[in-house]
Amino acid sequence: MHPVAIQRAGQTGMAESTRCTRIRAGQRWLQAAVEAVLAQASIPLASSTAHQPAVYWETQTGMRRSLSLWLAEEAAPRHLPFAQGLIEDCGAGSRLRHAYARFYILRSLRQMGVLSP
């Protein structure tokens, strides 16, 4: 889907498509879920003055999106990739996909060595 132009009082803006809205909502939900897991495990993120921001989204080749995490005292960010469908489903509010996303986040962070098994 492409954004639709809206005209109001001589101004032209771009309305977000439903898909873009779901992607943004899904990214916010997933980022909050990852930050909650890290906080619960007492794993600090890098200082915002050292690495701004400590948590951010990137799009890698092939339109695969990943959440980059700067952990305290690490020289490089860690990347947690998410499938496009999972991001959209989380943004749509699918409880089943939220549960899967939590499992995926925990498993991925364990595999990275961030969380203990």
Residue 76 paired with residue 37, simple spin-label distance in nm, labels 7 Å along Cα-to-beta-carbon: 2.1
Spin-label pair residue 106/residue 17, simplified geometry with 7 Å Cα→Cβ offset, distance in nm: 3.5
Whole-percent carbon and sulfur share, accessible surface of segment 52-117, 1.4 Å: 53
Net charge, residue 115 excluded, C-beta distance under 15 Å - Lys, Arg +1, Asp, Glu -1: +2
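The values are calculated or read from the model by the stated rules, or taken from the named source; none is laboratory data. Small disclaimer: the values here were computed from a predicted structure and weren't measured. Methodologically, a virtual Cβ is constructed for each residue, glycine included, from the backbone with ideal geometry; neighbour enumeration extends over all protein chains shown. When the accessible area is computed, the model is the full protein with side chains, heavy atoms only, and any ligands, DNA or RNA have been set aside. Shrake-Rupley method; radii C 1.70, N 1.55, O 1.52, S 1.80 Å.
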